[in-house]
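Input: a single structure, listed below in structure tokens.
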Amino acid sequence: MGLRKPPLHSVHDSLGAKSTAFGGWDMPVEYDSIKAEHAAVREEVGIFDVSHMSEIEVSGPDATALMQRLTTNDVTALEPGDSQYAAITTDEGIIIDDTVVYRLPDREHPVYLFIPNAGHDEEMYDRWTSFRDQWGLDATVEDVTEEWAMFAVQGPDALETVSETTDADLGDLSKFQATFADVAGIECWVARTGYTGEDGFEILCPWDDAETVWESLDATPCGLGCRDTLRLEMGYLLSGEDFDPEEQPRTPYEAGIGFVVKLDTEFVGRDALERQKEEGLAEKFVGFTLLDRGIPRHGYDIANENGDVIGVVTSGTMSPTLSEPIGLGYVPVEYADSDTTVTILVRGREKRAQIVTPPFIDQ
């Protein structure tokens with residue numbers, strides 16, 4: 001089966017983008033350079049095509065009950081126009097995926113749109129419909145991934161940039177709030193959310209109107225390469241690298257997102273997570289900076305000062321903002337305090353590193 005293509009695939013080609021396979025999609029990884037695009041987001045404004053992200057819509061009389069039982073956060077706290085970050089977990093409390101849940105304006109009943117990671121739409125559709133039927137709930141579940149294009153406009157100038165294309169007062173939106181608004185004359189769902197640590201908006205527009213909306217936004221085109229360096233500087237999780245139900249099985253508490261777990265709600269995995277919270281953690285998700293030359297990469301070992309392997313690097317890069325190598329990974333709790341010295345085995349060579357608490361930069 002070939003790679004799925006976003007609606008702007010030909011536009012990215014015309015801009016000279018280098019592409020990569022990601023989550024089953026053929027996506028732009030960089031246009032100019034990762035460093036230049038990274039700087040554009042930190043200093044001005046950049047635009048990302050993130051149409052590879054999945055979209056699942058859930059509606060109907062029992063939509064709230066279904067969302068509440070399949071995500072770890074408290075969906076009942078959402079009013080129309082609100083959103084929240086959440087995890088999706090197994091019975092054992094292991095993260096299957098992380099997601100943002102939006103509550104859309106009600107129709108006859110509540111309507112939710114949640115955003116699984118790239119390539120997870122079929123899996124999440126099957127999970128939602130299977131549990132709906134098992135529990136006898138009245139809810140409609142639709143995979144609308146290829147009905148929506150999605151762009152992320154991020155950076156200090158994001159508000160000004162998006163405001164130039166719409167009459168909506170987007171400055172009134174707080175972080176994690178959203179609204180329907182016309183952008184370049186196209187009705188879009190505009191959310192003050194993002195994955196870079198900067199102010200910004202994620203804009204969902206109809207698939208067939210993607211080019212009109214994209215071309216109306218005066219921002220530097222950015223690829224997935226700098227999206228990764230930007231999120232890494234913030235210590236944000238990446239599905240498939242920082243957690244994976246098969247290769248890197250982690251709970252929200254281990255992965256540092258315990259704040260999205262609401263134990264006073266009933267969801268799949270709740271009991272296991274309550275036990276873990278009571279018993280305490282053996283390992284924790286941490287950041288580190290490399291003190292010696294080298295770049296940490298996914299899968300590299302983390303060792304203590306005696307050379308004993310104690311953990312693993314899940315993500316790493318040369319930070320464009322700091323001009324120093326940074327990484328994320330898991331270590332035993334006794335090594336998780338800031339300023340603890342560890343060793344990263346970079347291509348078999350020992351490199352000194354210091355544990356830090358993300359984010360790596362002040363935002």
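Looking at the range 310-343, which of the residues that are hydroxyl-bearing (Ser, Thr, Tyr) and closer than 11 Å to Ala282 by Cα is surrounded by the most Cβ atoms within 10 Å (Cβ to Cβ)?
Top of the filtered list is Tyr330.
Can you pull out the strands (runs of 3 or more DSSP E) entirely within the range 116-192 that have at least 2 residues that are open to solvent by 40 Å² or more (accessible area, probe 1.4 Å) and not small (Gly, Ala, Ser)?
140-143, 178-183
Assess whether Arg250 counts as being out of contact with any helix residue (DSSP H, G or I) (no Cβ under 7 Å at 6 or more places or on another chain), under 25 Å from Asp74 (Cα atoms) and crowded, with 19+ Cβ neighbours inside 10 Å.
Yes.
Based on what the data block shows, is Glu108 open to solvent by 10 Å² or more (accessible area, probe 1.4 Å), on the phi < 0 side of the Ramachandran plot, without any contact (Cβ under 8 Å) to a residue 40 or more places away in the chain and in contact with a Lys or Arg (Cβ under 7 Å, 6 or more places away or on another chain)?
So Glu108 does not fit the description; no.
Of the numbered conditions (1) closer than 30 Å to Leu322 by Cα; (2) in contact with a strand residue (DSSP E or B) (Cβ under 6 Å, 6 or more places away or on another chain); (3) in a helix (DSSP H, G or I); (4) of a type in the set (A, V, I, L, M, F, W, C), Leu230 satisfies every one except a single condition; which is it?
Only one criterion is unmet by Leu230, namely (2).
Go through (1) charged (D, E, K, R); (2) part of a loop (DSSP other than H, G, I, E, B); (3) within 24 Å of the chain's Cα centre (by Cα) and name the single condition Arg293 misses.
So Arg293 meets the others, but not (3).
Check off (1) outside any helix (DSSP H, G or I); (2) buried (at least 19 other Cβ atoms within 10 Å of the Cβ); (3) under 20 Å from the mean Cα position of the chain (by Cα) for Pro7 and give me the number that stays unchecked.
Among (1) outside any helix (DSSP H, G or I); (2) buried (at least 19 other Cβ atoms within 10 Å of the Cβ); (3) under 20 Å from the mean Cα position of the chain (by Cα), the lone unmet condition for Pro7 is (3).
Please go through (1) part of a strand (DSSP E or B); (2) among the β-branched types (Val, Ile, Thr); (3) closer than 22 Å to Gly311 by Cα for Ile203 and return the number of the only condition it doesn't satisfy.
All conditions are met except number (3).
Mind listing whichever residues of the range 312-363 are polar (S, T, N, Q) and in a strand (DSSP E or B)?
Thr314, Ser315, Thr317, Ser319, Thr341, Thr343, Gln354
Going by the conditions given, is Arg227 within 30 Å of Tyr31 (Cβ to Cβ), under 17 Å from the mean Cα position of the chain (by Cα) and open to solvent by less than 20 Å² (accessible area, probe 1.4 Å)?
In short, no.
Would the range 138-147 turn up any residue that is modelled with pLDDT of 95 or more, within 26 Å of Glu43 (Cα to Cα) and not hydrophobic (A, V, I, L, M, F, W, C)?
The answer is no, given that none of the residues of the range 138-147 is modelled with pLDDT of 95 or more, within 26 Å of Glu43 (Cα to Cα) and not hydrophobic (A, V, I, L, M, F, W, C).
The values are calculated or read from the model by the stated rules, or taken from the named source; none is laboratory data. As the structure is a computational prediction, the values presented were derived from the model and not from experiment. In this analysis, Cβ positions are derived from the backbone assuming ideal geometry, glycine residues included, and neighbour counts consider all displayed protein chains. The accessibility values were calculated without ligands, DNA or RNA, using every heavy atom of the protein model including side chains. Shrake-Rupley method; radii C 1.70, N 1.55, O 1.52, S 1.80 Å.
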